[in-house]
1. Out of the strands (runs of 3 or more DSSP E) lying entirely within the range 1-76, which hold 3 or more residues that are open to solvent by 40 Å² or more (accessible area, probe 1.4 Å) and closer than 19 Å to M111 by Cα?
2. Here are some residues: A157, A133. Which one is in a strand (DSSP E or B), aliphatic (A, V, I, L, M), in contact with a helix residue (DSSP H, G or I) (Cβ under 9 Å, 6 or more places away or on another chain) and closer than 26 Å to D37 by Cβ?
3. Report, ordered by the first and then the second residue, all pairs with beta carbons closer than 7 Å, sequence separation of six or more or different chains, a first member in the range 25-37 that is more than 17 Å from F83 (Cβ to Cβ) and among the aliphatic types (A, V, I, L, M), and a second member that is at pLDDT 95 or above and open to solvent by less than 30 Å² (accessible area, probe 1.4 Å).
4. Can you tell me which of E113, E56, E100, E47 is without any contact (Cβ under 8 Å) to a residue 60 or more places away in the chain and of a type in the set (D, E, K, R)?
5. For the range 90-110: of the residues being among the hydrophobic types (A, V, I, L, M, F, W, C) and under 17 Å from I69 (Cβ atoms), which is modelled with the lowest pLDDT?
6. Is it true that some residue in the range 79-99 is more than 23 Å from E174 (Cβ to Cβ) and either over 17 Å from the mean Cα position of the chain (by Cα) or not in a helix (DSSP H, G or I) (or both)?
7. If you scan the range 129-149, which residues turn out to be open to solvent by 70 Å² or more (accessible area, probe 1.4 Å) and touching a Ser or Thr at 6+ places or on another chain (Cβ under 8 Å)?
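The values are calculated or read from the model by the stated rules, or taken from the named source; none is laboratory data. None of these values were measured; they are calculated from a predicted model. Methodologically, a virtual Cβ is constructed for each residue, glycine included, from the backbone with ideal geometry; neighbour enumeration extends over all protein chains shown. For the accessible areas, the whole protein counts, side chains as well, though only heavy atoms, and no ligand, DNA or RNA atoms are used. Shrake-Rupley method; radii C 1.70, N 1.55, O 1.52, S 1.80 Å.
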Amino acid sequence: MNAQFLSALPDQFTTDRLLLKKTTLQDAFPLFQIWSDSAVAKYMNIEKFSSVYQAEEMIKAIAAEPDAIRYTIFSQEKVIGSFGINEVNAANNTAEIGYELAKNYWRKGIMTELLCDFLPLLQNKLHFSGVYAKVIPENMASTILLKKLDFEISGEAQEWDQDNKQLSTVLIFEHIFKKASTF
């Protein structure tokens with residue numbers, strides 16, 4: 001993909017309860033507070049952050065990757081998480097999505113709302129044929145969320161677990177867009 005491919009996505013968008021803005025270095029401290037929570041980091045497959053510098057470096061790395069984009073999630077002007085495209089698979093015209101929320105916002109329907117509004121953008125603006133997400137098997141909330149949105153387990157992969165420092169299995173959930181997708 002070329003660097004301008006994801007530029008078709010808006011810099012910000014809203015849902016009924018949320019504002020999503022492209023992540024910037026200004027978001028480093030509030031995101032650090034989320035990424036330094038061991039319960040959140042475990043499901044992100046990152047080592048729990050111990051400094052704001054790590055959050056800044058992650059934001060810079062994502063911004064430098066032409067096939068990735070990250071949005072910071074705001075609820076009533078408070079940063080509560082992030083969401084985005086981790087990579088684009090040009091061979092099969094799909095994108096890997098990833099997301100996390102501060103623990104206080106788990107199980108409140110936030111990701112359902114966000115995905116129901118954002119996935120049609122991926123289909124209609126970028127014309128992806130589908131999306132996929134990698135989920136560790138213990139993350140039952142993500143499994144339930146993705147199945148509710150008609151994602152299906154399409155396989156497994158072995159990935160290095162930053163939290164446990166070992167190879168671990170992740171489930172690959174895939175959603176193929178229908179001609180007139182509704183969420």
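1. So the answer is 19-22.
2. Details: A157 fails: in contact with a helix residue (DSSP H, G or I) (Cβ under 9 Å, 6 or more places away or on another chain).
Step by step, each of A157, A133 is checked, and only A133 is in a strand (DSSP E or B), aliphatic (A, V, I, L, M), in contact with a helix residue (DSSP H, G or I) (Cβ under 9 Å, 6 or more places away or on another chain) and closer than 26 Å to D37 by Cβ.
3. Taking only residues 6 or more apart or on different chains, the pairs are L25/I59.
4. Of the residues listed, the single one that is without any contact (Cβ under 8 Å) to a residue 60 or more places away in the chain and of a type in the set (D, E, K, R) is E56.
5. A90
6. If we filter the range 79-99 for residues that are more than 23 Å from E174 (Cβ to Cβ), which is where we start, we get 79-80.
Narrowing further to those that are either over 17 Å from the mean Cα position of the chain (by Cα) or not in a helix (DSSP H, G or I) (or both): 79-80.
Scanning the range 79-99, I find at least one residue that is more than 23 Å from E174 (Cβ to Cβ) and either over 17 Å from the mean Cα position of the chain (by Cα) or not in a helix (DSSP H, G or I) (or both), so the answer is yes.
7. Within the range 129-149, just K148 meets the criteria.
Okay, residues lined up against (1) surrounded by 14 or more Cβ atoms within 10 Å (Cβ to Cβ); (2) under 21 Å from S36 (Cβ atoms):
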{"site": "S82", "(1), (2)": "yes, yes"}
{"site": "E87", "(1), (2)": "yes, no"}
{"site": "A90", "(1), (2)": "no, no"}
{"site": "E100", "(1), (2)": "yes, yes"}
{"site": "G109", "(1), (2)": "no, no"}
{"site": "T112", "(1), (2)": "yes, no"}
{"site": "P120", "(1), (2)": "yes, no"}
{"site": "Q123", "(1), (2)": "yes, no"}
{"site": "H127", "(1), (2)": "no, no"}
